[in-house]
Amino acid sequence: MKTVLITGGAGFIGGNFVRHVLRAHPDYRVINLDKLTYAGNLASLADVADDPRYEFVRGDIANAELVDLLLARVDMVVNFAAESHVDRSIMDADAFMRTNAHGVYTLLNAAHRHGVERFLQVSTDEVYGSLAPEEAPWTEASPLAPRNPYAVSKAAGDMMAQAFAITHGLPVVITRAANNVGPFQYPEKRVPLYITNAMEDRSLPVYGNGRAVRDHLHVEDHCRAVDLVLHEGQSGQAYNVGAGNDADGVALAERILAAVGKPTSLIEFVADRPGHDMRYDLDSSRMQALGWRPRFDMDACIEATVAWYVNHQDWWRPIKDSSDFRAYYARQYPAPPPALRRAS
Ligand code: NAD
Ligand code: DAU
């Protein structure tokens with residue numbers, strides 16, 4: 001038996017990866033270390049909670065004592081734990097720096113002390129910055145040039161992981177993935193926000209002119225990529241994980257509205273995100289050389305994700321109805337001032 005520490009396993013991608021590992025590797029045990037921030041949700045893991053190969057520990061990756069105890073018990077680490085939402089990092093980046101920078105350092109330090117056989121740092125395409133329309137996709141050799149507080153905190157974790165590989169010989173691998181979509185994504189992120197708002201007949205807020213381009217990677221494709229890199233990636237290397245499912249904001253909103261069966265009049269243009277990255281695009285040939293290919297094209301991503309949110313309203317409605325979410329929404333999407341009335 002091997003034991004894998006999966007951090008952030010109560011979140012969107014981490015939870016899907018916990019399930020993936022238990023299914024794909026019958027000889028593995030999983031320890032899920034998660035702080036249960038606003039984005040962590042044990043309801044997402046109800047189906048594996050009683051699996052004897054699964055253990056949940058509530059705690060912080062920046063807690064050196066706890067991390068030291070856990071690292072003594074594991075063979076491999078996959079670090080998903082993070083503050084993950086760009087808009088929240090623009091409001092306040094404190095927790096982002098603590099978790100995404102110092103937390104990653106704390107894990108790396110313990111992994112080095114305990115001599116783990118593999119450390120996979122889950123990074124992001126946002127560390128590369130933003131591309132102009134005609135620019136070539138990023139390769140892993142492209143310079144890291146993050147532009148928003150979230151991306152900077154992730155670049156700090158990414159670079160610290162590289163530093164541990166170079167200076168301490170820690171067997172580190174890094175993945176840099178595109179925007180994930182699929183089951184259990186917290187509905188602050190665009191795709192689940194648009195699907196659930198459409199279902200509730202609320203408007204779909206499109207930042208700025210709606211021309212920013214994102215690639216859409218199904219979370220199951222991402223999980224297969226992380227598994228492959230964990231086992232077959234070359235130590236010290238980073239791996240881009242993109243699916244080539246590009247769409248801009250307007251096209252995406254129209255696609256989701258069509259899938260949910262709601263009118264395009266629900267599209268509402270709102271203030272742009274400050275420092276909005278206008279385009280991400282990854283060259284994933286290094287990942288493909290390991291034999292990985294995405295299985296979900298754009299239509300399959302939207303179709304499967306819409307179907308999941310339609311069939312799992314018991315999962316997302318309590319989140320959207322919570323006072324925390326409502327307070328966040330009111331702050332992020334302030335209602336426009338009422339139209340000025342002409343004095344009669
Ligand atoms: P998420 O916000 O859904 O989940 C993050 C999880 O980490 C939550 O369960 C939260 O409780 C936990 N967490 C936060 N701080 C912690 C701490 N200090 N200690 C322990 N646990 C903590 O995020 P996600 O979308 O699933 O993203 C997972 C990872 O993948 C992140 O590292 C993110 O940067 C990266 N990533 C995400 C995407 C995407 O599109 N969502 C794309 C590429 C990379
Ligand atoms: O690319 C990988 C990154 O993808 C991950 O590292 C992040 O953790 C993840 O949150 C995601 O970041 P984005 O900023 O790209 O995702 P988000 O869903 O917040 O926004 C996607 C695009 O949609 C972006 O161009 C901003 C725009 N947008 C977003 C929201 C929430 C809107 O137009 N309206 C919205 O209401």
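Summary table
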| read-out | value |
| --- | --- |
| Failed item in (1) crowded, with 18+ Cβ neighbours inside 10 Å; (2) more than 16 Å from ligand 2 (Cβ to nearest atom), with E83 passing the rest | (2) |
| Qualifying residues in region 306-318 (those that are buried (at least 17 other Cβ atoms within 10 Å of the Cβ) and out of contact with any Ser or Thr (no Cβ under 9 Å at 6 or more places or on another chain)) - the one farthest from I256 (Cα to Cα) | W308 |
| Enumeration of residues in region 22-53 that are within 15 Å of ligand 1 (Cβ to nearest atom) and under 16 Å from R73 (Cβ atoms) | V30, I31, N32, L33 |
| Filtered residues of region 1-31 (kept if within 16 Å of ligand 2 (Cβ to nearest atom) and within 12 Å of E220 (Cα to Cα)) | F12, I13, G14, G15, N16, F17 |
| D94 vs. criteria under 16 Å from the mean Cα position of the chain (by Cα), of a type in the set (D, E, K, R) and within 30 Å of Y333 (Cβ to Cβ) | no |
| Total residues in region 277-319, condition of a type in the set (A, V, I, L, M, F, W, C) and outside any helix (DSSP H, G or I) | 5 |
| Any chance A161 is within 18 Å of A238 (Cα to Cα), buried (at least 23 other Cβ atoms within 10 Å of the Cβ) and within 10 Å of ligand 1 (Cβ to nearest atom) | no |
| Verdict on G15 being under 20 Å from R98 (Cβ atoms) and under 21 Å from the mean Cα position of the chain (by Cα) | no |
| Test: residue in region 269-285 that is surrounded by 12 or more Cβ atoms within 10 Å (Cβ to Cβ) and over 30 Å from E135 (Cβ atoms) | no |
| Cross-chain or 6+ apart pairs with Cβ under 7 Å, region 129-141 first and in contact (Cβ under 8 Å) with a residue 12 or more places away in the chain, then among the hydrophobic types (A, V, I, L, M, F, W, C) | G129/A145; S130/M278; P137/L282; W138/L282; E140/A238 |
| Neighbours by Cβ (under 8 Å, 6+ apart or cross-chain): first from region 51-67, assigned by TED's automatic domain parsing to the domain that holds T7; second acidic (D, E) and assigned to a strand (DSSP E or B) | F56/D34; V57/D34; R58/D34; G59/D34 |
| Residue in region 164-171 that is of a type in the set (S, T, Y), more than 16 Å from ligand 1 (Cβ to nearest atom) and not assigned by TED's automatic domain parsing to the domain that holds A330 present | yes |
| Test for T99: is it hydroxyl-bearing (S, T, Y) and either more than 22 Å from the chain's Cα centre (by Cα) or at pLDDT below 95 (or both) | no |
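Yes/no matrix, rows are residues, columns are (1) among the charged types (D, E, K, R); (2) more than 17 Å from the chain's Cα centre (by Cα):
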site	(1), (2)
I166	no, yes
N179	no, no
E188	yes, no
M199	no, yes
N209	no, yes
A212	no, yes
V226	no, no
E232	yes, yes
S235	no, yes
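The values are calculated or read from the model by the stated rules, or taken from the named source; none is laboratory data. Keep in mind that what you see is a predicted model, and the values were worked out from it rather than measured. Because the Cβ atoms are built from the backbone with ideal geometry, glycine has one as well, and the counts that use them run over all protein chains shown.
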